[in-house]
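My structure is below; once you've seen it, I'll send some questions.
The values are calculated or read from the model by the stated rules, or taken from the named source; none is laboratory data. Values in this document were obtained by computation on a predicted structure and should not be read as measured data. Every residue, glycine as well, gets a Cβ built from its backbone with ideal geometry; the counts of neighbours run over all protein chains shown.
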Amino acid sequence: MPTFATDYLEQFAGLFIDPTKRIFVGYLVAAALIGFAVLWWRTRRSPRSLIGHLFRRSVWLSGSSKADFRLFAINQGIMMGLAPRLLSTLTVATLLFETLHVWFAGRPAVWTGAPVWAVAILFTLSQFLADDASKYLLHRWLHRWPVLWAFHKVHHSAETLTPFTVFRTHPVEGLLFALRSALSQAVCVAVFVFFFGDRATLTTVLGANVFLFAFNAMGANLRHSHVPFSYPAWLERVLISPRQHQIHHSDAVRHFDRNFGAALAVWDWIGGTLHVSAARERIRFGLGDGAMVDHRLRALYLSPFAEAAHCLRAYMSKGWIAMQNLVTTRALSAFRLGLALTAAVAALLLLSPARAAAEQELNIYSHRQPFLIEPFIEAYTAQTGTKINIVYASKGLAQRLQAEGELSPADVILTVDIARLSVYADKDLLAPVESDILAKSVPEHLRDPGNRWFAFSKRARIFAVRKGLEDLDKLKSYEDLASETWQGRVCSRPGSHVYNRALIASMIHADGEEAAQAWAQGVVDNLARRPQGDDRAQVKAIFEGVCDVAIINNYYFGKLKSSESPEHREWAEAAELVFPNQDGRGTHVNISGGGVAIHSKNKDEAVRFLEFLVSEEAQRLYGEVNYEYPVNPDVPASEELQSWGAFKEDDMPISRIAELAPQAQMIIDRVGW
Amino acid sequence: MRKHVFAGTAALTMTLLAGSALADDKVYAGFPITVKGYAGDKTTSVAYSGQIGRQALHDSLKKLAGKGNGAANEELLAALNLYYSGKGEGREILAPASKGAFVIKQTTIGEISDTNLSGKTYGGTITGMPNNRTGEELVNFWIEKAATAEGGADLVNGYDYPQLISKFIMGAVFYNQAVDGYLDENLSAEKKPNDQPYSDGAAYTGKEHSWDEAFGYFGAPAHALNLTPAQVYDIAKMKEEAFALADYNKDGVVDLKTEMVFGPAYYAAGADKSSAGKENATNYLHSIVQAFLDGRKLLVAANGEKLTDAQRTELRGYAAVISDNWEKVLAEAVFKYAGSVYKDLTKLKAVVESGGNEAEVLGDYVKHWGELKGFSLALQTGKDNLGETAVRLNRLIGFGPLLPNASQVVDIDSDGNYLRDQGPSFGEYMLHMLKVQKLMIDSFGIKAQDNNVMGDMADLSNALGGGSSAEND
């Protein structure tokens, strides 16, 4: 049964036999040999005297070094306890790996012809560089930010240096280093596995990164020693010599904040913090603030906290923003923080819409996004006092309704697209509704012959075209889009999307199946790129010069035009609109609509809500909220919509679109849209 | 009488070969009759031919489901129905059938047992496909589709019916019947007591036969403990060199009733084989068969008496080992095929983007997706409601695969037509597959993890080592 003590001893001993660790016995021996050689070269003293000098008591058993050993022993225990709770490389790498799939819309295979060794070297080098660069950066912050310096000072308070001074670290700093290591490793691992798969491997010597091995084997341990081992000046601009790191530990003001780098000096060179060593320059190690260093554990572990708190208080008195104030001062009191959190949760619960009130309620299942629905809900609730609960989902609501059966709490179904609406009718999920208001306000061709569903708004499927197109006069109808004029100039989302399928269904209705297929083939032949993205992406493609014409729903243009994002407004700015077939049958329209759920317990209220949606107030909202056209003939389109130009709509029975959808899908599959 | 001879021969052979009776102890066969007052001529109480009959029906149905020519085919539909829900004469065993030197003893279903699959298919609703169909309704729906699909596959909508039907039945019949019926309800004190024959005049007690039937559904040969997972795998593949391994009684033929490997055992062996000798090695096949054997020996020791509470508790312990491992086997299969689908998507995306020939990749992709979907639905037919895990699994996989033209089946109308819509991007759907793999690890703790997409990353992270000691520079 392993105990903490045996675990501890095992891990402690492991540090000396693990070549990925700085104090691996091989590196220590290498450092001793190099140290010996360097000293011999400089002094030509006898071997015996040199060994005595290397391991002299005044260094190895000084108060400072004894503190190093104690910190080393205690920190090892602390880190063992913390390690399982730290953010792991794999966790971060997994998250990043997943995100890369979204950024690259899949997983491209890169440099497939590369030999495995080349990828391995590339990965190993990248990992070494990322690790070293992140060490430089964190080290720099530890010196530049007073709160962090309070902890890093513990390391710099060493007055004698031995290879074990590398462990003279405050645990808070240890945590920061562990986090840095996880992040830098994760970036490399995720990026390389994503692009190279199992070809990404680490080139190792004795299990350690080959570059890290080289760095350590070349006497890295001498950086914490009194052996003045420097490199030629040119090399010290590339690699940090042990002497340069000793300069970093110097108590002389001219050496402060110099040579942050671990292995490479280039980071210091770039960051303007490089200090090349000068011959025979004497250095004393320590903080250089004139104060006596307290090497007792209590001081080393606790005083950084007091100093950090002092720094924070100083910041706050200089007027930090309220948020940081809250975080820092309140964090000091776990009790008060807990109290505040409890209060916040309680307040949320009290305000939560889930708290049912006694008033009339209506449950809506909506495919329409919440921000499109909410203005209607607010207006309806203000008018009637009815409380409305919404279940929003982009997919699967019909299945959910089916599964719930008679127990379903749904009263109203709201969705977009006639095909989706007719799925509800097909599965017998909608109740027939008798309402004079609905019958009068929704034209016959925009409602179910069996009165199970009704359209509430119309959206036109139109062309967005590049502004100032010379041959615009050749684009009067959908049919024109298949002509050779537009070869390589058309963009569209995939054909199977309900909006495109509905358009093709309308073509079948107008011109017959054969002609519709020929037309669809013509459009596909004219595509500038593989069908992809949504309607917004097509306008963007026009802006980017990928194509001249795109098929979009009209409201996307409005959304882009009034977007808060300047980028979106630029896209809209690049395009203008064409309403096709104005001289013939009119532009194809699709609808948003809804109906009453078959098992609704509040059918009267549900019908009242549908009636509200065709009222003048709500019909205007459709235009204002989402640039959609009203279905109620008594209500004019919004001013913005009118400014885009008058349009004549194709008034084929909208239910026919749903009936023709399977044929339209077959055409899509055949022509590969 | 035949069984008597077989058991005797087997015992004698093994005694002679191994020089002790130990090896025989490892075979699921020859258990004595313990029913009080049994008057028939049987000499052993082991019987699970109905289950083996269904294994053979399943294998045959799968084979037949791939025979469509792309047009309406009433004859094929009738044949498929015969193997799924029919009974009686005329049902030749289409698989596993003799192949070269690998000779199968039986050639018709009737020689094993006159049974069917439909009557034993999971009766709950399958929420992972539209329209709340029961397990049986779903198989019937797929059978109708298979009858008109060329080679059993509909590449337009993305379905490989032989795979869907087969993998789903492995759950909805075999796994469900075993873990939700025989190894669960039938282990209660009231149902199928051990001091009564299973049915009037039977040679086995209620509990003995329940246990044997569950064993039959697992589909392992009686001598599975004498075989390595790799050997069991080879027997299922009917490799010539595996014939001798399968023919335990050395009569020159492989008896489907006792010597053959079927679906669930094959997948258990597959996971064990792929992970053998590694840190993450699994032992599903032998754990399950050993638990069956231990439970059966307990029943022999009960000697036809009512089980005590302590005995039933012990028996439930063995049942739990079987159920848990079996569930893991299905989860491992979901994991493996999510990995295959992921890899196929990588290829498919490259082909689509370069305007290459999709057909080459599409067939494999649709096949792997069918295996993934079938197993994911099978996993949901156990004794426990998987709750959130099931919801996530179904949403991640969807009702159909993402197709090259960016569409995906989102519903099925009341006439059985598929309704499609624009699906997620390739990247998003690949991400779904990663999440399916993660879900299988998190929810079921599976270890073999064949086709692990994230495996390279874990290996690489380990190679870099941790930064858990407080070092400074």
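Looking at region A:531-550, which of its residues are buried (at least 22 other Cβ atoms within 10 Å of the Cβ), within 14 Å of A:Trp486 (Cα to Cα) and either within 13 Å of chain B (Cβ to nearest Cβ) or of a type in the set (A, V, I, L, M, F, W, C) (or both)?
A:Ile542, A:Cys547, A:Val549, A:Ala550
Right, another one. Checking A:Met652 against (1) in the same structural domain as A:Val433 (by TED's automatic domain parsing); (2) outside any helix (DSSP H, G or I): exactly one of these is not met. Which one?
All conditions are met except number (1).
Restricting attention to region A:461-471, which residues are under 41 Å from the mean Cα position of the chain (by Cα) and over 24 Å from A:Ile654 (Cβ atoms)?
Selection gives A:Val465, A:Arg466, A:Lys467, A:Gly468, A:Leu469.
Restricting to region B:377-404, count the residues that are in a loop (DSSP other than H, G, I, E, B) and surrounded by fewer than 22 Cβ atoms within 10 Å (Cβ to Cβ).
8
Does region B:120-148 hold any residues that are surrounded by 24 or more Cβ atoms within 10 Å (Cβ to Cβ) and under 13 Å from B:Gly66 (Cβ atoms), and which are they?
Residues satisfying the conditions are B:Trp142, B:Ala146, B:Ala147.
Picking from B:Ala172, B:Ala202, B:Ala189, which residue would you name as being out of contact with any Cys (no Cβ under 8 Å at 6 or more places or on another chain) and assigned to a helix (DSSP H, G or I)?
Result: B:Ala172 is the single residue among B:Ala172, B:Ala202, B:Ala189 that is out of contact with any Cys (no Cβ under 8 Å at 6 or more places or on another chain) and assigned to a helix (DSSP H, G or I).
Restricting to region A:563-593, give me the number of residues that are closer than 29 Å to A:Met652 by Cα and part of a loop (DSSP other than H, G, I, E, B).
Result for region A:563-593: 9.
Residues B:Asn385, B:Asn472, B:Asn452: which one is more than 10 Å from every other protein chain (Cβ to nearest Cβ), modelled with pLDDT under 90 and at negative phi?
Every option except B:Asn385 fails the conditions.
Find the residue count for region A:417-444, including only residues that are under 46 Å from the mean Cα position of the chain (by Cα) and outside any loop (DSSP other than H, G, I, E, B).
The qualifying residues number 13.
Related question: Which one of the conditions (1) over 24 Å from A:Leu87 (Cα atoms); (2) within 11 Å of chain B (Cβ to nearest Cβ); (3) aromatic (Phe, Trp, Tyr) does A:Tyr231 fail to meet, given that it meets all the rest?
Looking at each condition in turn, A:Tyr231 falls short on (2).
Okay, next question. Could you say whether any residue in region A:293-309 is acidic (Asp, Glu), outside the structural domain of A:Phe16 (by TED's automatic domain parsing) and more than 35 Å from the chain's Cα centre (by Cα)?
Checked against the condition, which is being acidic (Asp, Glu), outside the structural domain of A:Phe16 (by TED's automatic domain parsing) and more than 35 Å from the chain's Cα centre (by Cα), region A:293-309 yields at least one hit.
Shifting gears a bit: In region A:13-43, what residues are assigned to a loop (DSSP other than H, G, I, E, B) and within 15 Å of A:Met218 (Cβ to Cβ)?
Hits for region A:13-43 are A:Pro19, A:Arg22, A:Phe24.
Please specify each residue of region B:348-396 satisfying the condition of being among the aromatic types (Phe, Trp, Tyr) and under 18 Å from B:Val409 (Cα atoms).
Those that are among the aromatic types (Phe, Trp, Tyr) and under 18 Å from B:Val409 (Cα atoms): B:Tyr365, B:Trp369.
Return the only residue of A:Arg85, A:Arg48 being over 30 Å from B:Met454 (Cβ atoms) and either at the interface with chain B (Cβ under 10 Å from one of its Cβ atoms) or surrounded by fewer than 15 Cβ atoms within 10 Å (Cβ to Cβ) (or both).
Exactly one of A:Arg85, A:Arg48 is over 30 Å from B:Met454 (Cβ atoms) and either at the interface with chain B (Cβ under 10 Å from one of its Cβ atoms) or surrounded by fewer than 15 Cβ atoms within 10 Å (Cβ to Cβ) (or both), namely A:Arg48.
For every residue, the table says whether it meets (1) closer than 30 Å to A:Ala265 by Cα; (2) at pLDDT 90 or above; (3) over 26 Å from the mean Cα position of the chain (by Cα).
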{"position": "A:Ala73", "(1), (2), (3)": "no, yes, yes"}
{"position": "A:Thr91", "(1), (2), (3)": "no, no, no"}
{"position": "A:Trp103", "(1), (2), (3)": "no, no, no"}
{"position": "A:Gln127", "(1), (2), (3)": "yes, yes, no"}
{"position": "A:Lys135", "(1), (2), (3)": "yes, yes, no"}
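Further question on the same structure: If you check A:Ala150, A:Ala158, which single one turns out to be part of a loop (DSSP other than H, G, I, E, B) and either within 10 Å of chain B (Cβ to nearest Cβ) or at pLDDT 90 or above (or both)?
A:Ala158
Let me ask another. Is region A:221-233 home to any residue that is of a type in the set (S, T, N, Q) and assigned to a loop (DSSP other than H, G, I, E, B)?
yes
Could you list, in sequence order, the residues of region A:169-206 that are in a loop (DSSP other than H, G, I, E, B), at the interface with chain B (Cβ under 7 Å from one of its Cβ atoms) and within 20 Å of A:Asn216 (Cα to Cα)?
Passing the criteria: A:Thr169, A:Leu202.
Ok, one more. Give the number of residues within region A:246-269 that are in a helix (DSSP H, G or I) and either closer than 18 Å to A:Leu142 by Cβ or within 14 Å of another protein chain (Cβ to nearest Cβ) (or both).
So the count comes out to 6.
Show the residue pairs that are 6+ apart or on different chains and have beta-carbon atoms under 7 Å apart, the first residue being within region A:14-25 and over 15 Å from B:Asn462 (Cβ atoms) and within 9 Å of chain B (Cβ to nearest Cβ), the second being assigned to a loop (DSSP other than H, G, I, E, B) and polar (S, T, N, Q).
A:Leu15/B:Ser469
Checking the conditions here, which among A:Val631, A:Val625 is touching a residue at least 24 places away in the same chain (Cβ under 8 Å) and touching a strand residue (DSSP E or B) at 6+ places or on another chain (Cβ under 7 Å)?
A:Val631
State all residues of region B:409-431 that are more than 7 Å from chain A (Cβ to nearest Cβ) and touching a residue at least 60 places away in the same chain (Cβ under 8 Å); if no residue qualifies, say none.
B:Val409, B:Ile412, B:Gly416, B:Tyr418, B:Tyr429
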